[in-house]
Amino acid sequence: MGVRRVPLALCFWVLLAASCAPSRGFTGVHTQDTEVTVEARDTGVRVALLTTFSPMPAGKVLSGYADYVQTRFIDHVRIGDKNVPVRWRVMPLEQSRESECASVFRFTSDDPPLELMSIWEADDGPGPVEHHVRIINRGSGAVLIPRQTSLAFSMPVPAGAKLESWWVEKGGGTPTPVGVHRTSIASDFSLELKSGPLAATEPRDPIPFVAVRDMREGGWYAGIEFSGRVMMRLHARPPAAGQMIDADFGLGPREDLYSRVEPGGIYDTPTAFVGCFKGDMDDCGNRFRKWVASHLRPPVRDEHYPLLVNNSWGSGMAVDEKLARSMIDQSAELGLEMFHIDAGWFRAVGDWRPNPKKFPNGLRPVSEYAHQKGLKFGLWVGWTQVGSSPGFREDPRRVVSTEDTSRRDWLSESLTNGWKPGDFWGETLCLADADAERWCLDLLRSLVKENQLDMLEHDQRMIVENCPRTDHAHTSSRVDVAFRSGEAYYRIYDALRKENPNLLFEDCVNGGQMVDFGVIRRVHYISITDTYDPLSNRRAFYDASYLIPPAMCECYIAQHPGKTDANFLYMLRSGMMGWCTIMLDTTQWTPRQHDLAKRQFEVYKTKLRPLINRADLYHVSERPDGIRWDGIEYFDPQSGSGVLLAFRGKTDQPQHAFKLRGLDPNATYELSYEDAAGVPSAASGQDLTARGLAVRLAEAESSELVWFRRK
Ligand SMILES: [Zn+2]
């Protein structure tokens, strides 16, 4: 036909900003993928979002759209019981601090005296642009601030576009049968997603990220970096109003939310991000995850990251010094890299002294023994949990107890008569109490130092959502309770990491509950589900690995019934696609299983781990269902090497072809099968992409690793 198509980006990705009303300044920031031009007005900021995948001239802002949503600033505060209107004035741009990677607009209000900043940040590499709002109370009395959105914007819908929304669930206690949510966007489309510090069972929380994808080309996405209660709202305007999707990201839900800001105090909204991508959700993830790894995740200093770990929970609460030493011996022999004591080492929940019956010499000799054997040493601490130990009388620095009346006001709930803590959970203290926050940081400091910890795992609820106390930093709003206790949790870990730059942090909140881009700024890996069978591990990994660097996606491997070698490898490999922690009593293994496992750990360290850290990841099957075949592909375009991790469920189909992604169609790839002896072969990139890589497995619940390398 010869009709030249206008690049989609030109019509779609321009998220416009300006209207005819006078404005006070423009500025822009960009990453390799995303460029944002910001217009500051007295009532808020508007953005134009441009993709750098298009030939759009940088910084060009179209005019004529009077109807774009802006990130509107709060229009009142509450002082005492009165609502006081706020009128912002944007400061001339020359008073704004600008640099290559950040742009800051400043606004002031004379009465009440407040200052506001709209802060835009962008990195050099791929990924989104970030925004948050900071409000400073310049007055002499406390003010109550209503919900300030983190980021609001509008996106035009290109005529004729076939759009869908896309998001993934947290793994939670057990991954649901759905996991990945795709909904086509019709004219009445409306989506409100809420995420909290404990994933709701039904409907399951999202990992706080949502994409709008044009099925033909690519799309845009946005998300929020916070572990408390947040919301993401997308709403299509009726077609007559101009085909727009309005978006709002911030704390939420909106109900009755006020936050107290003391004189001189600073209020920062959670940071939100927005970005553009080309291609499908794997293409999106391959750039987005690089940004998460380089920009959000704390620095990784361990050359073995992600480490292979042996966790004592395979024996439940039974761990003691003797068992720990024997597990360390076995871990070293098997080639594992960290020994990790789970719950069971302490006297009682909230009494964080080693149990003298189990560890008469404390944990230090165990830690030293692990180090002698060349292993790192990690420890589980449910440090927000309060028990009822009388030990607080002897050692109040190590023991927090409901019996201690001087600390009753740390608790977020009143105790019912006859309340008793569990073996490893109790009442959660509210970190928005300044004394409780200090106590937790001191406790962790001393545990890390005395036991020479290389890794600290937290478990149980960290962030409370209900607290009736009026002397804590929060108001009575549930959203604010989670906001302020979440901020305190972050401060504790930020301080601890600054003091211990080599310390690794594991985020476990009953497994898979707190999976978000705020906690990712504080931890090196995340337990992505609390169910440890092969199918649950693969489902949780399938979902989380779209958005979270696979090295951070931790699967615990628990014993899974199976008779054959192939079943045993299927169990191990289902948890070896990212961060791998085994939670198995290895003394129960046969010598044959021991040899098989040792070989797998060697393969992980030498061949798989470099790909987990570096390679692109592709979901080359439907989401696992335990019946069909499923698979994950890693491919590193730089070295031209990759692997297909193939799993056969209960199906009676002995063969399946996986269509690989990312390969050079003109190159030839050498193939080698980890298990199937004697079938190394070669195929063209074109063949592997179009016809697929065939894998043959004789047994149900079995697996194969197929390595490929460009010739
Ligand atoms: Zn509280």
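Readers should treat all values here as calculations from the given coordinates under stated rules, not as data from a laboratory. This is a predicted model, so every value here is computed, not measured. Quick reminder, even Gly has a Cβ in these numbers, built from the backbone with ideal geometry, and neighbours come from all protein chains shown.
The packing ranking, built from the mean of other Cβ atoms within 10 Å per residue, places the peptides 612-620, 479-487 in the order 479-487, 612-620, highest first.
Per-residue packing, averaged as other Cβ atoms within 10 Å, sorts the ranges 454-465, 346-357 into the order 454-465, 346-357, beginning with the highest. What's the FRET efficiency of residue 452 with residue 82 using the Cβ-Cβ distance as r and R₀ = 45 Å, to the nearest 0.05? Efficiency, from the Cβ-Cβ distance: 0.25. Average 1/r across all pairs of distinct alpha carbons in the range 461-548, invert it, and you get the Kirkwood radius: 14.6 Å. For the range 202-337, the Stokes-Einstein estimate of translational diffusion at 10 °C and a viscosity of 1.306 mPa s comes to 80 µm²/s, using the Kirkwood hydrodynamic radius over alpha-carbon pairs.
For the range 305-390, the alpha-carbon radius of gyration amounts to 1.08 times the rule-of-thumb value 2.2 N^0.38 Å expected for a compact globular protein. Can you compute the equivalent ellipsoid semi-axes for the chain, i.e. the square root of 5 times each eigenvalue of the Cα gyration tensor, sorted largest first and rounded to whole Å? Rounded to whole Å, the semi-axes are 42, 37, 19.
In a DSSP loop and with at most 12 other Cβ atoms within 10 Å, the GluC sites (Glu not before Pro) in the range 71-174 are 100.
A straight Cα-to-Cα reach below 21 Å connects residue 162 with the lysines 278, residues fewer than 8 places away in its own chain not being considered. Put in order of Cβ neighbour count within 10 Å, fewest first, the listed residues 706, 386 become 706, 386. Loop-only check: which chymotrypsin sites (Phe, Trp or Tyr not before Pro) in the range 354-393 are DSSP coil with at most 12 other Cβ within 10 angstrom? Loop-located and lightly packed - none at all.
For a modelled paramagnetic label at residue 686, 7 Å from Cα along Cα-to-Cβ, the residues of the range 631-666 in reach, with backbone nitrogen under 17 Å, are 660-666. Extension gain for the segment residue 325 to residue 664, taken as residue separation times 0.36 nm less the Cα-Cα distance, is 117.1 nm to one decimal.
Please give me, ordered by residue number, the trypsin sites (Lys or Arg not before Pro) of the range 126-206 that lie in loop per DSSP and have at most 11 other Cβ atoms within 10 Å. Answer by residue number: 162.
Shape verdict for the range 148-209, please, from the Cα gyration tensor: rounded (a/c under 1.5), prolate (a/b greater than b/c) or oblate. It comes out oblate by the Cα gyration axes.
Sorting 119, 328 by the number of Cβ atoms found within 10 Å of their own Cβ, with the fewest placed first, yields 119, 328. Is the shape of the range 617-710 rounded, prolate or oblate, going by the alpha carbon gyration tensor and its root eigenvalues a ≥ b ≥ c, with a/c under 1.5 for rounded and a/b larger than b/c for prolate? In terms of gyration-tensor shape, prolate. Pairs over the 29 Å Cα-Cα cut-off, from the set 194/498; 598/650; 170/290: 194/498.
Among 77-83, 281-287, sorting by the average number of other beta carbon atoms lying within 10 angstrom of each residue, highest first, gives 281-287, 77-83.
Counting every other Cβ atom within 10 Å of each residue's Cβ, 449, 376 order from fewest to most as 449, 376.
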